[in-house]
Amino acid sequence: SPDEVEILRVDRRRLPEGQYKEVGYQKRQVFDIDITRTVVEYQAQILEDEQGRRFVAEFPEGVTSSVQYGPGVKAHAVYLSQYQQKLPACAV
């Protein structure tokens, strides 16, 4: 099922004079990927007690750097490097 349908109408000004009736449509679909960026910033709370000792909340598993790529970017990179190589040239 398409997410969007655009009806392309015949420019009747370019047709010879006469009566016309609609008898159907030719259909073509274009598949595309809409890649959007989502940035999640994790802020780990820091608490300090009376002796000056600090306690920092734990980050989620896998969040190990101040800036890093998420699993969606990694999965897409694998897809492009593995699957896209197997497509015949005429399918692109």
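Points to keep in mind about this one:
- With respect to (1) in contact with a helix residue (DSSP H, G or I) (Cβ under 9 Å, 6 or more places away or on another chain); (2) open to solvent by 100 Å² or more (accessible area, probe 1.4 Å), the lone exception for R54 is condition (1).
- V73 fulfils the conditions (1) in a loop (DSSP other than H, G, I, E, B); (2) surrounded by 10 or more Cβ atoms within 10 Å (Cβ to Cβ); (3) not basic (K, R) except for a single criterion, (1).
- Sole residue being in contact (Cβ under 8 Å) with a residue 12 or more places away in the chain and of a type in the set (D, E, K, R), chosen from E4, E17, E58, E48: E58
- Filtering the stretch 61-71 to residues that are closer than 24 Å to D34 by Cβ and touching a residue at least 12 places away in the same chain (Cβ under 8 Å) leaves only G70.
The values are calculated or read from the model by the stated rules, or taken from the named source; none is laboratory data. Owing to the predicted nature of the structure, the values given are computational and were not obtained by experimental measurement. Because the Cβ atoms are built from the backbone with ideal geometry, glycine has one as well, and the counts that use them run over all protein chains shown. Heavy atoms of the whole protein, side chains included, go into the accessibility calculation; ligands, DNA and RNA do not. Shrake-Rupley method; radii C 1.70, N 1.55, O 1.52, S 1.80 Å.
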